[in-house]
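Everything below concerns the one structure shown next.
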Amino acid sequence: MKVCVIGMGYIGLPTAAMLARNGHQVLGVDVKRSVLDFIREHGAPREEPGLADLVKIVLADGSLALAAAPESADVFILCLPTPINADKTPDLSYVEKGMASILGVLEEGNMVILESTVPPGTTGGLVAKMVVAKGLQNVDLAFAPERVIPGNILDEIQNLDRVMGGLTPRASERARDLYSCFVKGRIHLTDATTAEFVKLVENTYRDVNIAFANELAGFAPELGINIWEAIEIANRHPRVNIHTPGPGVGGHCIAVDPYFIIDSVGAEKARFMTLAREINSSMPGEVVSRLENELGTLAGRKIAVLGIAYKGDVGDPRESPALEVIRLLKEQGARVSAHDPFVRQSELHIRLEGLDTALDGADAVLVTTNHSTFGDIDPEQAGRLAASRIIFDTKDIIDPGKWRDAGWKVLILGCGKNLSGP
Ligand code: SAJ
């Protein structure tokens, strides 16, 4: 089939490449020239194992072409961002623009599949209305949310179960038939609104669970326990899966999706998830206060912040809690030097330093992302560069014993055990 994928971001690109690799003729569309240039030059971001190679193969054999505007096709798949506005209401403008861009080439008998995370009722509302307003009556519409985790996309896009919901059973089945060319997991069919809701509650479950972990981390020190150890042991129970604490929740999904439900039904009904958002959003402030308590004042102090990406081993800084931590540190008068081996400088407004430059003369080191390479930093060498040997790890990534042996005072978020050495 001829498939047009609108939006060549972290979901659109692998979806287009998988469809192209499995027998379809795919056009990948993005309005940003820089996105298309990057794909032509590099294939895909390097932190997605296997994806760049796959993209290069399908571009070379012609099964995937790239363009700035859609062309006529059998199926249109929308993989566009759905951020939130400053007032926490959903911003569906990209989906609207994407829909508007295909209306000129959309024909009776086509299918439109929405992958973007949206408030319940969007496929049957906004999307359907735009198609009907165009005078088309026989276009199948379905919602087929992505579920993949950044950093392991190519594996998960093939192996995870999927949920798909059409406005009619025929639309659901058509969506399933298309994706089953590369999805090895089960495809669960339902109606469009249920599929939209399922996507939102998956991420909301995670946000609420992380808020629980962050709450525990808040009072664990006064109980004299290490919350990381406690959670790990509790999770040995077959029916317990407590997530881990940290400096906050970043990325464009988990910290955003709960608001799509809260906005739909109101905070008075969505009390639990509203509280979870509050707890997780307070974490950057908690981290900065703890560091301020340790140093007496942050004014004029140099803080080496390690990790700008929103999570470990990826290069994506969007909505990263580290950025909010840095903003708060600067607000308190600290001098911040930031280091991240994964994030590209072009993605950021703040300046990135090499590790040694970041550590040089630092009054404290603050670890805000669990990049696995941070576990390999040599505390002896870091100690020779830093002005004082204080490290605060908010992601439990460093080996505290090793750092303590090298003369560092080690603070760990949610930990009141005897980890603070000399
Ligand atoms: N985090 C914690 N503690 C944890 C887990 C995560 O503090 O125990 C933080 C991370 O550091 C990060 C944030 O939460 O800042 C989000 O990271 P994540 O790994 O939980 O999720 P994302 O945003 O990378 O991807 C999620 C995934 N959803 C679920 O696991 C339910 C992914 O499957 C979705 O496809 C994706 O959202 C999406 O696009 O919706």
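Using the crude model of +1 on Lys and Arg Cβ and -1 on Asp and Glu Cβ, and no other charge, please compute the dipole size for the stretch 102-191 relative to its Cα centre, in debye to 20.
Values: 9 positive and 11 negative charges, 24 e Å.
Value, rounded to 20: 120 debye.
Amide hydrogen proximity for THR190: with H placed 1.01 Å from N in the peptide plane, the residues at 5 or more positions away or on another chain lying under 5 Å are MET164, GLY165, GLY166. Taken one residue at a time, the phi angles of the stretch 45-60 give Karplus couplings (6.51, -1.76, 1.60, θ = phi - 60°) of x, 5, 7, 9, x, x, 6, 4, 5, 4, 4, 4, 5, 6, 6, 5 Hz. Gly and Pro are set to x.
Which whole-number percent is the relative contact order of the stretch 276-422 (Cα, under 8 Å, 6+ apart)?
Numbers: 282 pairs, mean separation 30.2, N = 147.
It rounds to 21 percent for the stretch 276-422.
Each part gets one Cα centre, and for the stretch 137-212 versus the stretch 80-107 those centres are 19 Å apart.
Please compute the net charge surrounding SER282, taking Lys and Arg as +1 and Asp and Glu as -1 over other residues with Cβ under 11 Å from its Cβ. Counting the neighbours of SER282, the net charge comes to -3.
Placing unit charges on C-beta atoms (Lys and Arg positive, Asp and Glu negative, everything else neutral), compute the dipole magnitude of the chain about its Cα centre in debye, rounded to 20. Before the final figure, lay out each step's value.
On the way: 42 positive and 55 negative charges, 35 e Å.
Result for the chain is approximately 160 debye, rounded to the nearest 20.
For the stretch 313-422, the residue among HIS371, SER346, PRO321 whose Cα projects farthest onto the positive side of the dipole built from Cβ charges is PRO321.
Rounded to the nearest whole Hz, the Karplus-based 3J(HN,Hα) values (6.51 cos²θ - 1.76 cosθ + 1.60, θ = phi - 60°) of the stretch 297-314 follow the sequence 9, 9, 4, x, 7, 9, 10, 8, 9, 9, x, 10, 4, 6, 7, x, 6, 10, with x at glycine and proline.
Could you give the dipole magnitude of the stretch 241-317 about its Cα centre, charging the beta-carbon of Lys and Arg +1 and that of Asp and Glu -1, in debye to the nearest 20?
Details: 7 positive and 9 negative charges, 28 e Å.
About 140 debye.
Scalar couplings 3J(HN,Hα) for the stretch 400-408, obtained by applying the Karplus form with A = 6.51, B = -1.76, C = 1.60 to θ = phi - 60°, are x, x, 5, 6, 5, 4, 8, x, 8 Hz; x denotes Gly and Pro.
Below 8 Å, C-alpha to C-alpha, sequence gap of six or more: please give me the relative contact order for the stretch 227-346 in percent. All intermediate terms of the calculation are to be shown ahead of the outcome.
Numbers: 144 pairs, mean separation 31.5, N = 120.
That works out to 26 percent.
Cα gyration tensor of the stretch 277-422, axes a ≥ b ≥ c as square roots of the eigenvalues: rounded (a/c below 1.5), prolate (a/b > b/c) or oblate? Because its axes are fairly even, with a/c under 1.5, the stretch 277-422 counts as rounded. Ellipticity at 222 nm from helices only: DSSP H runs of n ≥ 4 in the chain, each -39500 (n - 2.57), divided by the residue count, give -12000 deg cm²/dmol. Work from the charge dipole of the chain (Cβ charges, +1 for Lys and Arg, -1 for Asp and Glu, about the Cα centre) and give the residue of LEU359, GLY224, THR194 farthest towards its positive end. The listed residue farthest towards the positive side: THR194. Each of GLY135, PRO81, SER116 was placed along the dipole of the stretch 76-194 (beta-carbon charges, centred on the mean Cα), and the one lying farthest toward the positive end is GLY135. A compact globular protein would have a Cα radius of gyration near 2.2 N^0.38 Å; the ratio found for the chain is 1.07.
Out of the trypsin sites (Lys or Arg not before Pro) in the stretch 150-199, which ones are loop residues according to DSSP with at most 13 other C-beta atoms within 10 Å?
LYS184, ARG186
Here's how it looks for ILE412: its modeled amide H is under 5 Å from those of ASP393, which are all 5 or more places away or on a different chain.
Let me make sure I get this right: for the stretch 157-199, a, b and c are the square roots of the gyration tensor eigenvalues over alpha carbons, sorted descending. Under 1.5 in a/c it's rounded, otherwise prolate if a/b > b/c, else oblate. Which is it? In terms of gyration-tensor shape, oblate.
What separates the Cα centres of the stretch 31-73 and the stretch 223-301 is a distance of 36 Å. Based on Cα contacts under 8 Å between residues 6+ apart, the chain shows a relative contact order of 11 percent.
What does the net charge come to around ALA364 if you take all other residues with beta carbon closer than 12 Å to its beta carbon, with K and R at +1 and D and E at -1? Spell out each step's value before the answer.
Working: positive: ARG290, ARG301, LYS302, ARG335, ARG389, LYS409; negative: GLU292, GLU294, ASP363, ASP393.
Once positives and negatives cancel, what remains is +2.
Bear in mind that the values in this text are calculations on the coordinates, not laboratory data. Bear in mind the structure is a predicted one, so any value in this text is a computation, not a measurement. We place every Cβ from the backbone using ideal geometry, glycine too, and count neighbours over all the protein chains shown.
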